[in-house]
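These notes concern the structure reproduced below.
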Amino acid sequence: MGMLNLFFGVECMRIITGRAKGCRLKTPKGQETRPTADRIKESLFNILGNKVSGRNVLDLFAGTGSLGLEALSRGAAHAVLVDQATAAILRENALHTRLEECAEIWKGDVFSAMARMAGEQRVFDLVFCDPPYRRGLWEKVLCFLDASDLFAENGILVVEHGADEVDMPVLDSLVCVRGERYGHTTRLSFFQRRSYVGGDGD
């Protein structure tokens, strides 16, 4: 077990289901990371259900790649995983899970990356945002996506944030359609475009 912990870090994350089911993900050791617990990830993907298959995914503050790679394992078409500190680990995990052909790894600041992708007229219909808690980062991502065409009209945005972080920024086009709390530490908030929710969207 000692050697396993040396390679995989303190937490042993894994792909829950799909074509990479059971593959373990390397986690950074000695860095300030907070990988999404498997039980929360399982709940998240149970909520999404069949709305993952075929999606174009953006995984912000990707860390180990646990969310983006899980989505690929479950049938998402393509995923861009962005992280300043863990790009090398993201590449290793994409290779280890044999999902590298549909995973695009970006090393750099999340907000600069989003601006560049918006300039390239990319569009994502499933976005994960899992930044460090209590730094105002998820609120800043919400404001960017609210005003950007980077997030598709029929898209789903999932934000993981602290359970006590309940103050939402003022948004024009995004609306929180669901919230789930996990213990005293974590909350998942699901967002969609107001026009889609108010129209024919499901």
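The values are calculated or read from the model by the stated rules, or taken from the named source; none is laboratory data. Owing to the predicted nature of the structure, the values given are computational and were not obtained by experimental measurement. All Cβ positions, glycine included, derive from the backbone under ideal geometry; neighbour counts span all protein chains shown.
Data table
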item: Subset tally (residues that are at pLDDT below 85, within 17 Å of the chain's Cα centre (by Cα) and of a type in the set (D, E, K, R)) for the stretch 17-55; result: 2
item: Residues of the stretch 140-154 classified as surrounded by fewer than 17 Cβ atoms within 10 Å (Cβ to Cβ) and either among the acidic types (Asp, Glu) or in a loop (DSSP other than H, G, I, E, B) (or both), total; result: 4
item: So Thr64, is it over 16 Å from the mean Cα position of the chain (by Cα), touching a residue at least 12 places away in the same chain (Cβ under 8 Å) and surrounded by 24 or more Cβ atoms within 10 Å (Cβ to Cβ); result: no
item: Boolean, Val175 is in a strand (DSSP E or B), over 18 Å from Gly49 (Cα atoms) and more than 16 Å from the chain's Cα centre (by Cα); result: yes
item: Among the residues listed as Asp130, Asp83, the single one being under 19 Å from Leu48 (Cβ atoms), surrounded by 21 or more Cβ atoms within 10 Å (Cβ to Cβ) and under 16 Å from the mean Cα position of the chain (by Cα); result: Asp130
item: Wholly enclosed helices (runs of 4 or more DSSP H) of the stretch 53-133 bearing at least 1 residues under 22 Å from Asp146 (Cα atoms) and either in contact with a Cys (Cβ under 6 Å, 6 or more places away or on another chain) or of a type in the set (A, V, I, L, M) (or both); result: 66-73, 110-119
item: Among (1) in contact with a Lys or Arg (Cβ under 8 Å, 6 or more places away or on another chain); (2) of a type in the set (Asp, Glu); (3) surrounded by fewer than 24 Cβ atoms within 10 Å (Cβ to Cβ) - the single one Glu70 does not satisfy; result: (3)
item: Boolean, Gly75 is touching a residue at least 40 places away in the same chain (Cβ under 8 Å), out of contact with any helix residue (DSSP H, G or I) (no Cβ under 7 Å at 6 or more places or on another chain) and either farther than 19 Å from Thr17 by Cβ or surrounded by fewer than 20 Cβ atoms within 10 Å (Cβ to Cβ) (or both); result: yes
item: The stretch 155-175, residues that are over 20 Å from Pro132 (Cα atoms) and surrounded by 15 or more Cβ atoms within 10 Å (Cβ to Cβ); result: Gly155, Ile156, Leu171, Ser173, Leu174, Val175
item: Residue list for the stretch 87-135, filter: of a type in the set (S, T, N, Q) and touching a residue at least 40 places away in the same chain (Cβ under 8 Å); result: Asn93, Thr97
